[in-house]
Amino acid sequence: MEKSSKSKKRLNTAKELPLIIAEYYQECHEAKKEGRPVGWMPPMNGGIELFYAMGLQPVFPENWSPVCAAFGLTHKNFEVCEGMGYSRDLCGYLRNIIGYVHGMMGGPDNPLGGLPEPDIILPPQGGCSPVMKIFQALMRRFPQARTFYADMPQVAIENIRDHHMNYAVFEMKRLVNFLEEVTGRKLDYDRLKEVVRLSDKACELWDEIMSYRRFIPTPISASEIGIMFVMVTRQGTQTAVDYLTRVRDELKERAEQKVGILENEKVRLFWDNIPLWYNMGLFNYFEKMGGVVVAETYSAAWSLRLDADNPMETLARKTLTSYPLVSCVSIKKRKEMVLKACREYAIDGAILHRNKSCVPITLGQMDIKRELEEMDIPALIIDADHMDDRNFSTAQFQTRADAFMEMLLSRKGYSL
């Protein structure tokens, strides 16, 4: 197995994705040329819908890191970042984007044309510390950009109360005032309702798509998880709804015809933590042995529903709840999410990615492993990093994965 490789795509709709990605970045550059304000922001917040409703262009520097990983550019960016004094132990997303904006950005070798410079920066209104530090560094790198400072509370989903919501709505309205003043564009609330309706439809389709992974054999695996790109960048657009509808329709047809990702699905697997963006081919390694990853923790971030009739309130709630769905969540809650998914998706074995780049999502894995084993679901812990392949040993992975799969296959009467 190569240390860096791409996953094998079986879905026709998954093969459309490179064009959708290219069109998004082309749109970002066209916005800059046209003088349409470009705003850099974290994913999973209500600012996305506000931007699309106001004809502004959202750009996601965090999402740019997986793109760099897919193009094999992270080493250059890490070198620049670490040369500035940032520790190699920090988050890979942080090191990649800081290295990028101080290195190859604007140069001739940028894939997809690179990122257009921001006119506006919206620092995250919550989330993990590295993400907040990324935006502090970006504000220093682009001092000409207008910045909106919000101060959203970080609250576990189950603890959100009326006063949290009231404050979040106040901050969303303050953001609207800021954008109107900076861009000279007035927010059309009817247009915002339509954008929120499209965003809600995308979430509904996302949940429906994920539900097909419960089928045996599964018509979609983690190898096709790149479709998540539209949930990160295109929420609130017809593009996302149209694409996800095509994905849903293809899966429905495959499920009705009992066409699985594998001709002979033997073992169903769960993946905990962020995938290795530089080596999505890792999923193929399990598939060659009859194992298919049918569920993971990362995809849960998009299981939200939005109320188009109350756009400000629903976007405020989205901003409060998106991060706690995945990263800023208690160990107890994370354990419940993993165990629930393993039950619902008929999991035979779980792979727990001990991610050097993301400690918040890694915490509690030994507890989760013990609970899974009490449910008679064996779990394998692998050491890696979602961005930095220097923290991944192919030989060590293969040794552990081979033994794990041999044990799982033996329990089901197969041999490796």
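The values are calculated or read from the model by the stated rules, or taken from the named source; none is laboratory data. Just so you know, these numbers come straight off a predicted model, no measurement behind them. Cβ coordinates were reconstructed from backbone atoms using ideal geometry, including for glycine residues, and neighbour counts include every protein chain displayed. Protein only, heavy atoms only, side chains kept; ligands, DNA and RNA dropped before computing areas. Shrake-Rupley method; radii C 1.70, N 1.55, O 1.52, S 1.80 Å.
Looking at Pro116, is it without any contact (Cβ under 8 Å) to a residue 40 or more places away in the chain, more than 19 Å from the chain's Cα centre (by Cα) and assigned to a loop (DSSP other than H, G, I, E, B)?
Numbers: without any contact (Cβ under 8 Å) to a residue 40 or more places away in the chain: no; more than 19 Å from the chain's Cα centre (by Cα): yes; assigned to a loop (DSSP other than H, G, I, E, B): yes.
Considered against the rule, which asks whether it is without any contact (Cβ under 8 Å) to a residue 40 or more places away in the chain, more than 19 Å from the chain's Cα centre (by Cα) and assigned to a loop (DSSP other than H, G, I, E, B), Pro116 comes out as no.
Just give me the residues in region 220-250 being over 23 Å from Leu315 (Cα atoms), touching a strand residue (DSSP E or B) at 6+ places or on another chain (Cβ under 9 Å) and part of a helix (DSSP H, G or I), in sequence order.
Correct list: Ala222, Ser223, Ile225.
Applying the selection to region 119-159, what residues are assigned to a helix (DSSP H, G or I) and either of a type in the set (D, E, K, R) or touching a residue at least 24 places away in the same chain (Cβ under 8 Å) (or both)? Show your work before the answer.
Pass one, region 119-159, residues assigned to a helix (DSSP H, G or I): 129-141, 157-159.
The answer is Pro130, Val131, Lys133, Ile134, Phe135, Ala137, Leu138, Arg140, Arg141, Ile157, Glu158.
Among the listed residues Gly99, Gly72, Gly83, identify the single one that is over 28 Å from Met172 (Cβ atoms), in contact with a Phe, Trp or Tyr (Cβ under 8 Å, 6 or more places away or on another chain), open to solvent by 20 Å² or more (accessible area, probe 1.4 Å) and among the small types (Gly, Ala, Ser). Spell out how you get there, then give the answer.
Values: Gly99 fails: open to solvent by 20 Å² or more (accessible area, probe 1.4 Å); Gly83 fails: in contact with a Phe, Trp or Tyr (Cβ under 8 Å, 6 or more places away or on another chain).
Being over 28 Å from Met172 (Cβ atoms), in contact with a Phe, Trp or Tyr (Cβ under 8 Å, 6 or more places away or on another chain), open to solvent by 20 Å² or more (accessible area, probe 1.4 Å) and among the small types (Gly, Ala, Ser) holds for just one of Gly99, Gly72, Gly83, which is Gly72.
Open to solvent by 30 Å² or more (accessible area, probe 1.4 Å), under 18 Å from Pro378 (Cβ atoms) and touching a residue at least 40 places away in the same chain (Cβ under 8 Å): is that true of Arg354 in this structure?
Values: open to solvent by 30 Å² or more (accessible area, probe 1.4 Å): yes; under 18 Å from Pro378 (Cβ atoms): yes; touching a residue at least 40 places away in the same chain (Cβ under 8 Å): yes.
Criteria met by Arg354.
So, in region 132-159, exactly how many residues are open to solvent by less than 20 Å² (accessible area, probe 1.4 Å) and either touching a strand residue (DSSP E or B) at 6+ places or on another chain (Cβ under 6 Å) or under 19 Å from Trp64 (Cα atoms) (or both)? Explain how you work it out, then say what you get.
Filtering region 132-159 down to residues open to solvent by less than 20 Å² (accessible area, probe 1.4 Å) leaves 134-135, 137-138, 142, 145, 148, 152.
Now restrict to residues that are either touching a strand residue (DSSP E or B) at 6+ places or on another chain (Cβ under 6 Å) or under 19 Å from Trp64 (Cα atoms) (or both): 134-135, 137-138, 142, 145.
Counting residues in region 132-159 that are open to solvent by less than 20 Å² (accessible area, probe 1.4 Å) and either touching a strand residue (DSSP E or B) at 6+ places or on another chain (Cβ under 6 Å) or under 19 Å from Trp64 (Cα atoms) (or both) gives 6.
All but one of (1) under 18 Å from the mean Cα position of the chain (by Cα); (2) open to solvent by less than 10 Å² (accessible area, probe 1.4 Å) hold for Ser129, so report the exception by its number.
Against the list (1) under 18 Å from the mean Cα position of the chain (by Cα); (2) open to solvent by less than 10 Å² (accessible area, probe 1.4 Å), Ser129 comes up short only on (2).
Output the residue which, of all residues in region 160-185 that are basic (Lys, Arg) and in contact (Cβ under 8 Å) with a residue 40 or more places away in the chain, is least open to solvent (accessible area, probe 1.4 Å). Don't jump to the end; show me each part of the working.
Step one: list which residues in region 160-185 are basic (Lys, Arg), which gives 161, 173-174, 185.
With in contact (Cβ under 8 Å) with a residue 40 or more places away in the chain added as a condition, the list becomes 173, 185.
Values: Lys173: 104, Arg185: 86 Å².
Only one residue fits best here, namely Arg185.
Please specify each residue of region 262-286 satisfying the condition of being farther than 18 Å from Ile381 by Cα, touching a residue at least 40 places away in the same chain (Cβ under 8 Å) and more than 22 Å from the chain's Cα centre (by Cα).
Result: Leu262, Glu265, Lys266.
Examine region 380-398 for a residue that is closer than 24 Å to Tyr414 by Cβ, open to solvent by 10 Å² or more (accessible area, probe 1.4 Å) and modelled with pLDDT of 95 or more, and state whether such a residue exists.
Yes, because at least one residue in region 380-398 is closer than 24 Å to Tyr414 by Cβ, open to solvent by 10 Å² or more (accessible area, probe 1.4 Å) and modelled with pLDDT of 95 or more.
Can you tell me which residues in region 39-52 are open to solvent by 10 Å² or more (accessible area, probe 1.4 Å) and under 15 Å from Leu175 (Cα atoms)?
Within region 39-52, Asn45, Tyr52 qualify.
Mind checking which residues of region 103-113 are open to solvent by 30 Å² or more (accessible area, probe 1.4 Å), in a loop (DSSP other than H, G, I, E, B) and under 16 Å from Trp40 (Cβ atoms)?
Gly106 - this is the single residue of region 103-113 that is open to solvent by 30 Å² or more (accessible area, probe 1.4 Å), in a loop (DSSP other than H, G, I, E, B) and under 16 Å from Trp40 (Cβ atoms).
Every residue in region 291-309 that is touching a strand residue (DSSP E or B) at 6+ places or on another chain (Cβ under 6 Å) and open to solvent by less than 20 Å² (accessible area, probe 1.4 Å), please.
Within region 291-309, the first condition is being touching a strand residue (DSSP E or B) at 6+ places or on another chain (Cβ under 6 Å), and the residues that meet it are 291, 293-297.
Those that are touching a strand residue (DSSP E or B) at 6+ places or on another chain (Cβ under 6 Å) and open to solvent by less than 20 Å² (accessible area, probe 1.4 Å): Gly291, Val293, Val294, Ala295, Thr297.
Restrict the check to region 67-77 and report whether at least one residue is outside any helix (DSSP H, G or I), modelled with pLDDT of 95 or more and either over 25 Å from Ser199 (Cβ atoms) or within 21 Å of the chain's Cα centre (by Cα) (or both). Steps first, please.
Narrowing region 67-77 to residues outside any helix (DSSP H, G or I): 71-73.
So of that shortlist, the ones also modelled with pLDDT of 95 or more come out as none.
No: zero hits.
Restrict the check to region 60-69 and report whether at least one residue is open to solvent by 50 Å² or more (accessible area, probe 1.4 Å), in contact (Cβ under 8 Å) with a residue 24 or more places away in the chain and within 30 Å of Met312 (Cα to Cα).
We begin by selecting, within region 60-69, every residue open to solvent by 50 Å² or more (accessible area, probe 1.4 Å); these are none.
No - not one qualifying residue is present in region 60-69.
Go through region 1-49 and count every residue that is without any contact (Cβ under 8 Å) to a residue 40 or more places away in the chain and touching a helix residue (DSSP H, G or I) at 6+ places or on another chain (Cβ under 6 Å).
So the answer is 0.
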